[in-house]
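Each value in this text was obtained by applying a stated rule to the coordinates, not by laboratory testing. As the structure is a prediction and not an experimental result, all values here were calculated from the model. For neighbour counting, all protein chains shown are included, and Cβ atoms are generated from backbone atoms with ideal geometry for every residue, glycine included.
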Amino acid sequence: MKAAVVGAGLMGTIHAVNLSKMPEASIKWIVDRDKTRGGKLAKAIGARWSPSIDDVIKDAETELVIHAIPTPFRLPFIKKYMAAGKHIFCEKPLASNLKEAQAIRDAARNYKPVFMAGHVVRFFWEYAHARETILSGGIGKAGIVRLSRCCGKPASFDKKDNWYLDYKRSGGVFLDLAIHDLDWLLWTFGAAARVFGQNLGSKGIAEDYGLGIIKFKNGVLAHVEASWAEPDGSFLTGFEASGTEGMLEYDMRDAATLTFAEKKKAAGSASGTIVPESPSSESPYQKEMRHFIQCVQEGAKPLAGAADAFNAARLAFALMESARTNKAIEL
């Protein structure tokens, strides 16, 4: 199978490198408006560079599209991929506003080719195993869950326009960062009933920090923390889940034998945010891409589809609305 990776930034590069290692597929196109950036990645993996998705849309040989450009540019591209009948892997979040997220979800509802969303935390062993333990009754009846995901401020390739720090475009930490934990919570505990959130992004502070409280319909209460206000180059994530019969706890700092954050590199030489790593032999990003390929080959339903991505985005938008209005939001 031939694939195209649209976007040669941080996530596009990660997906391209992982996909290039898989014998089941080969990358034919790297699409990026920046010839230097896109051409460099294309050369590294033996693909062609193009500044436009039109080459991919017209190429019947290319069956798969990995969509990894900034969040505001989702719906128009997704529509074109669907019109051409491509299998689609779309990075999270699904869209930068609720209306477009809903449009993508609705379009994907009866779409025959595979549509998979990049909610990679489902492929992190610690989170997947915690979910299995909770659902199997390992901690009894779950009551309170606390999740934290904190890192330094993300950077853009365009040094004059860091879109991550533009709250209207990125959605700040609730939509771009905490959405990983929101997706895991929904995957594990089901639908949410009520949220209350506070953040700095809604108050015009670029280095966003957010706290959210979520009440689920099954009675579970979750506390979610997300931050872009940590030291440059740092990334910390963890969770606690308490129930009537026990507690699960994970802190990525306990799993790392050595950490090193070089301020010079973190502050400006790379784009995107810091991505967490896993000590397992195959990275979660490799597992995620392998799963996408398997779904295409077998015609199977992906672990995270458009409906899942919409639900996570809707929860993030509710937290953002709560922070804006200083009121709890009923779902």
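Of the cross-linked pairs LYS99/LYS215; LYS92/LYS217; LYS168/LYS203, which ones have a Cα-Cα span greater than 20 Å in the structure shown?
Too far apart for the 20 Å limit: LYS99/LYS215; LYS92/LYS217.
Given the convex hull over the Cα atoms of the range 61-115, what projected area results after averaging over all orientations, in nm²?
3.4
Given the Cα-Cα distance of LYS2 and GLU245 and 0.36 nm per residue of separation, how much length would full extension add, in nm?
Difference between extended and current length: 82.5 nm.
Which one, (1) 38, 18, 17; (2) 31, 22, 21; (3) 35, 29, 21, gives semi-axes √(5λ) of the Cα gyration tensor in Å as derived from the coordinates shown?
Read-out from the structure maps to (2).
Roughly how many whole Å is it from the C-alpha centroid of the range 4-42 to that of the range 134-159?
Using only Cα atoms, the two centres lie 28 Å from each other.
Pop the C-beta distance of ILE213 and ASP55 into the FRET formula with R0 = 56 Å and round what comes out to the nearest 0.05.
With R0 = 56 Å, the Cβ-Cβ based efficiency is 0.75.
Taking the Cα centre as origin and putting +1 on Lys and Arg beta-carbons and -1 on Asp and Glu beta-carbons, what dipole magnitude results for the chain, to the nearest 20 debye?
900
Give me the one-decimal nm value for the distance between modelled label points at SER136 and ASP158, 7 Å along each residue's Cα-to-Cβ direction.
Between SER136 and ASP158, the label points sit 4.8 nm apart.
Let me see the P(r) profile for the range 1-139: every Cα-Cα distance counted, bins of 5 Å, each bin given as a percent of all pairs.
In order of increasing distance, the bins hold 2, 10, 19, 21, 18, 13, 8, 5, 2, 1, 0 percent.
Set the Förster radius R0 to 41 Å, insert the Cβ-Cβ distance between ARG194 and ARG33 as r into 1/(1 + (r/R0)^6), and round the FRET efficiency to 0.05.
Numbers: r = 42 Å, r/R0 = 1.02.
It comes to 0.45.
What number, rounded to the nearest 500 deg cm²/dmol, is the helix-based mean residue ellipticity at 222 nm of the chain, given -39500 (n - 2.57) per DSSP H run of at least four residues and division by all its residues?
Per the formula, -11000 deg cm²/dmol.
Measuring from label point to label point, each 7 Å out along Cα→Cβ, what is the LYS80 to GLN102 span in nm?
Taking the simple label geometry, LYS80 and GLN102 are separated by 2.6 nm.
Could you sort out which of LYS40/LYS301; LYS35/LYS79; LYS28/LYS287; LYS2/LYS80 sit more than 28 Å apart by Cα distance in this structure?
LYS40/LYS301, as the Cα separations exceed 28 Å there.
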